[in-house]
Amino acid sequence: MPDIPTTTIVVLCLAALAAGWIDAVVGGGGLLLLPALLLGLPGSTPAATALGTNKAVAIVGTTGAAVTYVRKAPIDVRTAVRIGLAALAGSMGGAFFAAGMSTDVLKPVIMAVLVGVGAFVIFRPDFGTAPATGPLPPRRVLAAIGLAGVGIGFYDGLIGPGTGTFLVLALTAVLRFDLVTASANAKIVNCCTNAGALGMFAWQGAVLWQLAAVMAVFNLAGGTLGARTALKKGSGFVRIVLLTTVVALVAKMAYEQWVA
């Protein structure tokens, strides 16, 4: 592991805690965690190592949130697992191509992704407020497997940040879930994408395991607490957290890109 100051490790652990909470509530904890790693790790650290370490941390918090949701939320486990298996394959493919990616490429891409997510939610105020009724049509399930599974899974392995948010949006749009139900089902899918990408990054030797182990403890605590908060507060609260997170991160990354 590279030489990292103790203060930096403390900041990274706090970022992991906050990212776990955000990821459990609405997805997208990587939008906080990955930039924190990119800023905190030495400049010579390859982008793939930051991505791999991010996955090793995130999978712990996502699993904790998924367990909490499974106990208390309406989850279509069969559908979520089918989407998750497709996402597992997609994320492994994305992680395979991520090895040669430059850190300089990541930051503008993440910022563009954030702006797109924020615009979508702002212009669709009723999005994810009404729960679905009746059985899921097979064609919608197949569409979710293709979009949320293969497509977003590939993105998760290639870049990663925002995957949980994209999964929530996709499951809400395609399967007509409310935001809380979509968040619950997305956690199962996200566990699969994280596992696929982490497996590939580990095979490539692109994971800082000691740092990830320390950060994962905080991410797990944040993920468990976030899932409980979302279940208690409902879809309206999830929407507010989503928009607040997007606006804050866009402002932060824009400042770092063009002002600092």
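Laid out as a table, the results:
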item: Tally of residues being surrounded by 24 or more Cβ atoms within 10 Å (Cβ to Cβ) and within 10 Å of the chain's Cα centre (by Cα) across segment 8-33; result: 12
item: Positions within segment 127-172 being among the hydrophobic types (A, V, I, L, M, F, W, C), modelled with pLDDT under 85 and surrounded by fewer than 16 Cβ atoms within 10 Å (Cβ to Cβ), in sequence order; result: ALA130
item: Check on SER91, more than 24 Å from ARG228 (Cβ to Cβ) and outside any helix (DSSP H, G or I); result: no
item: First in segment 1-17 and in contact (Cβ under 8 Å) with a residue 60 or more places away in the chain and under 12 Å from VAL217 (Cα atoms), second anywhere and assigned to a helix (DSSP H, G or I) and among the polar types (S, T, N, Q), Cβ under 7 Å, 6 or more apart; result: ALA16/ASN219; LEU17/ASN219
item: Pairs, first in contact (Cβ under 8 Å) with a residue 24 or more places away in the chain in segment 66-77, second open to solvent by 80 Å² or more (accessible area, probe 1.4 Å), C-beta under 7 Å, six or more apart; result: THR68/ARG228
item: Pair list, Cβ < 6 Å and 6+ apart or interchain, from segment 231-242 residues that are of a type in the set (Val, Ile, Thr) to residues that are buried (at least 16 other Cβ atoms within 10 Å of the Cβ); result: VAL238/VAL25; VAL238/VAL26; VAL238/LEU179; VAL238/ALA230; VAL241/VAL25; VAL241/VAL26
item: Residue tally, condition of a type outside the set (Ser, Thr, Tyr) and surrounded by 16 or more Cβ atoms within 10 Å (Cβ to Cβ), over segment 229-246; result: 8
item: The one condition in (1) within 25 Å of ALA182 (Cβ to Cβ); (2) part of a helix (DSSP H, G or I); (3) open to solvent by less than 10 Å² (accessible area, probe 1.4 Å); (4) in contact with a Leu (Cβ under 8 Å, 6 or more places away or on another chain) that VAL60 fails to fulfil; result: (3)
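Condition check ((1) more than 17 Å from the chain's Cα centre (by Cα); (2) among the aliphatic types (A, V, I, L, M)) across all residues:
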residue: PHE154; (1), (2): no, no
residue: GLY157; (1), (2): no, no
residue: GLY162; (1), (2): no, no
residue: ALA184; (1), (2): no, yes
residue: GLY196; (1), (2): no, no
residue: TRP203; (1), (2): yes, no
residue: TRP209; (1), (2): yes, no
residue: ALA212; (1), (2): no, yes
residue: THR224; (1), (2): no, no
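Let's see how each residue does on (1) at pLDDT 85 or above; (2) part of a helix (DSSP H, G or I):
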residue: PRO2; (1), (2): no, no
residue: THR8; (1), (2): yes, yes
residue: VAL11; (1), (2): yes, yes
residue: ALA15; (1), (2): yes, yes
residue: ALA18; (1), (2): yes, yes
residue: ILE22; (1), (2): yes, yes
residue: PRO35; (1), (2): no, yes
residue: SER44; (1), (2): no, no
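The values are calculated or read from the model by the stated rules, or taken from the named source; none is laboratory data. These figures come from a predicted structure and were not determined experimentally. No Cβ is skipped: glycine too gets one built from the backbone with ideal geometry, and neighbour counts run over all protein chains shown. Accessible surface is based on the protein model in full, side chains and every heavy atom, while ligands, DNA and RNA are left aside. Shrake-Rupley method; radii C 1.70, N 1.55, O 1.52, S 1.80 Å.
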